[in-house]
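J.: First the structure, then my questions, so here it is.
Throughout, read-outs are computed from the coordinates displayed, never taken from laboratory work. Just so you know, these numbers come straight off a predicted model, no measurement behind them. Reconstructed Cβ throughout: ideal geometry from the backbone, glycine too, with neighbour counts over all protein chains shown.
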Amino acid sequence: MKKSGNCQDPLKVIGRAKGYSRNELIMNLPRHAKFTPNLIEQIEKLPEVHLRNSGSPMAKKLIRMMREISTETYRAIQFTRTEINNKGVLFGVVMLKHRVLDLVLKYFHKRWPSCIICLYNEHTHKTGIINEKGIIRVVKISLKEVVQEISRTRPNIPYFEDIQFSGEQIFETLYNSQIITERENPRYFKKMIPNYCYELPGMRNGVEKRFISRNKKLNEFL
């Protein structure tokens, strides 16, 4: 019997390449809110085939935890509404129960490398800050105070002085220009923005609710 591809993942060869490797689990699981050191001890004792086989109870638990981490990070990146002032300080509010604030900060830093990014986490009541050099620090100070203090020592940036709209006005303008009533697809919209996403700080009473008819309730017409 021939060996199929020595360099290939053996689980992938037999069609069971699911789950995460031991290294991936050890590196990322500490971000989960319910992580305990005992979990790492269990992972280190189990053969990798058990960790990668989604049919085992332990693997199911680990996969669920890993997905919760990545899902929360993704939602924060996609649905955080931000503001920017003429000092080049970009700021917003997030709701993160897992330890992923640094990942979200790094994403915004990559998109706006010349700005200082400030994100206030409603869950921990702390504000994460990442500067132009990518250095992160977290302080237990309100977002407003942090933005004021950072802006105080920074010069005006002419490029940002031209931005005369608030974040909400920008998104309102975007939806006004893009929405076409005849092409509404409520099922697709609900899939992309599930109801629970409206609990996120950037989505509460957001412009989406004012543009999509699926959110209307019967008593609004009574």
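J.: How would Thr153, Thr124 line up from fewest to most surrounding beta-carbon atoms within 10 angstrom?
T.: Details: Thr153 7, Thr124 15.
Ascending Cβ contact count within 10 Å gives the list Thr153, Thr124.
J.: Now for a separate question. Pop out the ³J(HN,Hα) list for region 189-200 in order, Karplus 6.51 cos²θ - 1.76 cosθ + 1.60 with θ = phi - 60°, rounded to Hz; leave Gly and Pro as x.
T.: Result, ordered by residue: 4, 5, 5, 6, 10, x, 4, 5, 5, 6, 7, 6 Hz.
J.: Fewest to most neighbouring Cβ within 10 Å: what's the order for Met65, Met192? Mind showing how you got there, number by number?
T.: Details: Met65 20, Met192 11.
Fewest to most other Cβ atoms nearby, the residues stand as Met192, Met65.
J.: Between Tyr159 and Ala33, what is 0.36 nm times their sequence separation minus the Cα-Cα distance? Round to one decimal in nm.
T.: 41.4 nm
J.: Kindly put Glu149, Glu72 in sequence by how many other C-beta atoms sit within 10 Å of each C-beta, fewest to most.
T.: Ascending number of Cβ neighbours within 10 Å: Glu149, Glu72.
J.: Once amide H atoms are built 1.01 Å from N in the peptide plane, which residues 5 or more positions from Asn53, or in another chain, come under 5 Å H to H?
T.: It is none; the list stays empty.
J.: Follow-up question, since we're still on this one. Residues of region 81-124 with the amide nitrogen closer than 16 Å to a label point 7 Å from the Cα of Val138, along Cα-to-Cβ, please.
T.: Residues passing the 16 Å test: 93-107, 118-124.
J.: Roughly what % of DSSP beta bridges within region 78-124 run antiparallel, to the nearest 5?
T.: 35 percent
J.: What are the ³J(HN,Hα) values, in whole Hz, obtained from phi via the Karplus relation 6.51 cos²θ - 1.76 cosθ + 1.60 with θ = phi - 60°, for each residue of region 31-48 in sequence order, with x given for Gly and Pro?
T.: Karplus values, whole Hz, x for Gly and Pro: 6, 6, 5, 9, 5, 9, x, 4, 5, 5, 4, 5, 4, 5, 7, 7, x, 4.
J.: While we're looking at this one, here's another question. Compute the length gained on full extension between Tyr74 and Arg111: take 0.36 nm times their separation in residues and subtract their Cα-Cα distance, giving the result in nm to one decimal.
T.: Separation in residues times 0.36 nm, less the Cα-Cα distance, equals 11.8 nm.
J.: While we're here: Share of antiparallel DSSP beta bridges in region 80-161, in percent to the nearest 5?
T.: For region 80-161, the DSSP antiparallel bridge percentage is about 65.
J.: Here's another thing I want to ask about it. Taking amide H positions as placed in the peptide plane 1.01 Å from N, state which residues far from Val94 in sequence (5 or more) or on other chains have amide H under 5 Å from it.
T.: Result for Val94 returns Tyr120, Asn121, Glu122.
J.: Restricting things to Cα coordinates, could you compute the convex hull volume per residue of region 22-88 in Å³?
T.: Per-residue hull volume (Cα only) is 112 Å³.
J.: Tell me, what HN-Hα J-couplings in whole Hz come from the Karplus equation 6.51 cos²θ - 1.76 cosθ + 1.60 at θ = phi - 60° for each residue of region 129-144, using x for Gly and Pro?
T.: Here the 3J(HN,Hα) series is 10, 10, 8, 4, 8, x, 7, 10, 9, 10, 10, 8, 9, 5, 4, 4 Hz.
J.: Which of the trypsin sites (Lys or Arg not before Pro) found in region 48-133 are in a DSSP loop and have at most 12 neighbouring Cβ atoms, other than their own, within 10 Å?
T.: Numbers: sites: Arg52, Lys60, Lys61, Arg64, Arg67, Arg75, Arg81, Lys87, Lys97, Arg99, Lys106, Lys110, Arg111, Lys126, Lys133; in loops: Arg81, Lys87, Lys97, Arg99, Lys133.
Those satisfying the criteria are Lys133.
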